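The values are calculated or read from the model by the stated rules, or taken from the named source; none is laboratory data. None of these values were measured; they are calculated from a predicted model. No Cβ is skipped: glycine too gets one built from the backbone with ideal geometry, and neighbour counts run over all protein chains shown. The accessibility values were calculated without ligands, DNA or RNA, using every heavy atom of the protein model including side chains. Shrake-Rupley method; radii C 1.70, N 1.55, O 1.52, S 1.80 Å.
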Protein chains: 4
Amino acid sequence: MPYDAGLSQPLPVRIVSVSKHVAACQRVLREAGLKTQLHAYGTNIEGEWDAVFAAIKTCHETVHAMGAPRISTVIKLGTRTDRNQTMDDKVRSVRDKLRS
Amino acid sequence: MPYDAGLSQPLPVRIVSVSKHVAACQRVLREAGLKTQLHAYGTNIEGEWDAVFAAIKTCHETVHAMGAPRISTVIKLGTRTDRNQTMDDKVRSVRDKLRS
Amino acid sequence: MPYDAGLSQPLPVRIVSVSKHVAACQRVLREAGLKTQLHAYGTNIEGEWDAVFAAIKTCHETVHAMGAPRISTVIKLGTRTDRNQTMDDKVRSVRDKLRS
Amino acid sequence: MPYDAGLSQPLPVRIVSVSKHVAACQRVLREAGLKTQLHAYGTNIEGEWDAVFAAIKTCHETVHAMGAPRISTVIKLGTRTDRNQTMDDKVRSVRDKLRS
């Protein structure tokens, strides 16, 4: 099987915990009125483009203000023009297929 | 604020639904005995390196066998040697800080 | 080795080529005056936060206007307050260490 | 425009430089005989599935052995069954469209 990959450089971190930074970012997202779902590897956000990216910018500024000199974030984003599908719709659609 | 970004190319898709492929992949991961959590933008997996990547390979093979000629996957992976932390631990750690 | 991963769902695409969409996005980024580097799995961008994200939004709008109903993008972004480091600096720093 | 995003938690790092870890990983990939291209936000790899993931595992083991207790990596991977396309083909295809 032909295969190709874009591998990012391993990014070693020397910190005991990032959870306080994640919690600070959660507060920013909630204060922005965005619908969010925290999971073990990230936070899903649902909202309009400008509101979402303004909040992400505030997250970076907040975490820098807490003393982190360097922040790395991965955003996986999707836009679609064919129909509206909420985060709950996405999960429900897969679960329905798993039951049948 | 200095800023830099690695932007992947937008990848337009012309398909009505990917949920049947996601469901097929969920079955592969469960049959492999891995602990998984489905969320709106992906699936979190907890397990040993070889078992996790063997299952991901089977996912790709399965989705190709369903007729998809081209598959793109993003994996965000973490390894740590300092302590064990489950997916539930990660979420709990953030929620504890949000309460206090 | 304990291991954990955030696996995104495989996203099967049924299109012959995305290169025309990537090329359209390249033009958007250049017209925005951003420094870019195209590579095999994405495009690196260097610039100020607001300019970068305004251009990414225009990319999505442009690719939708070309007829793609659904677009998925992965952004890996970094901000740092400790010093300025260009894209060229990053690559040079690794190459220097490979030579020594 | 409806919008949705999977935002990973900002991951603050407290290290002066990761370039020595990236360089170590480059050596691993080369010794594995894989075709690689270093860029400012990662390394592109071209090869067969098993060889690629064996090398990535060795990268993690190597960086842990250098003293990093915790490593986070993002892999964007693609497989396709319709045709072979090298990393150079991908870039050339976009550049051709930019010229026309």
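For residue C:68, work out the one condition from (1) assigned to a loop (DSSP other than H, G, I, E, B); (2) open to solvent by less than 30 Å² (accessible area, probe 1.4 Å); (3) more than 7 Å from every other protein chain (Cβ to nearest Cβ) it doesn't fulfil. Result: residue C:68 passes all but (3). The sole residue among D:56, D:15 that is at pLDDT 90 or above and either within 26 Å of residue A:41 (Cβ to Cβ) or not in a strand (DSSP E or B) (or both) is D:56. Considering (1) open to solvent by 20 Å² or more (accessible area, probe 1.4 Å); (2) touching a Leu at 6+ places or on another chain (Cβ under 8 Å); (3) under 26 Å from residue B:48 (Cβ atoms), the lone condition that residue D:95 does not fulfil carries the number (3).
One line per residue, one yes/no per condition, for (1) at pLDDT 90 or above; (2) facing chain D (nearest Cβ under 8 Å); (3) surrounded by 21 or more Cβ atoms within 10 Å (Cβ to Cβ); (4) within 15 Å of the chain's Cα centre (by Cα):
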{"residue": "A:41", "(1), (2), (3), (4)": "no, yes, yes, yes"}
{"residue": "A:51", "(1), (2), (3), (4)": "yes, no, no, yes"}
{"residue": "A:60", "(1), (2), (3), (4)": "yes, yes, yes, yes"}
{"residue": "A:76", "(1), (2), (3), (4)": "no, yes, yes, yes"}
{"residue": "A:88", "(1), (2), (3), (4)": "no, no, no, no"}
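Here residue D:81 fulfils each of the conditions (1) surrounded by fewer than 21 Cβ atoms within 10 Å (Cβ to Cβ); (2) modelled with pLDDT of 90 or more apart from (2).
Pairing each residue of region A:45-74 that is free of Cβ contacts under 8 Å to residues at least 12 places away in the same chain with any residue that is surrounded by fewer than 20 Cβ atoms within 10 Å (Cβ to Cβ) and not in a strand (DSSP E or B), provided the two are 6+ apart or on different chains, yields C-beta distances under 6 Å for A:57/C:49; A:64/C:81; A:69/C:81; A:69/C:82.
Let me spell it out: the conditions are (1) within 7 Å of another protein chain (Cβ to nearest Cβ); (2) modelled with pLDDT of 90 or more, and residue B:34 meets all of them except one. Which number is the exception? (1) is the only condition that residue B:34 fails.
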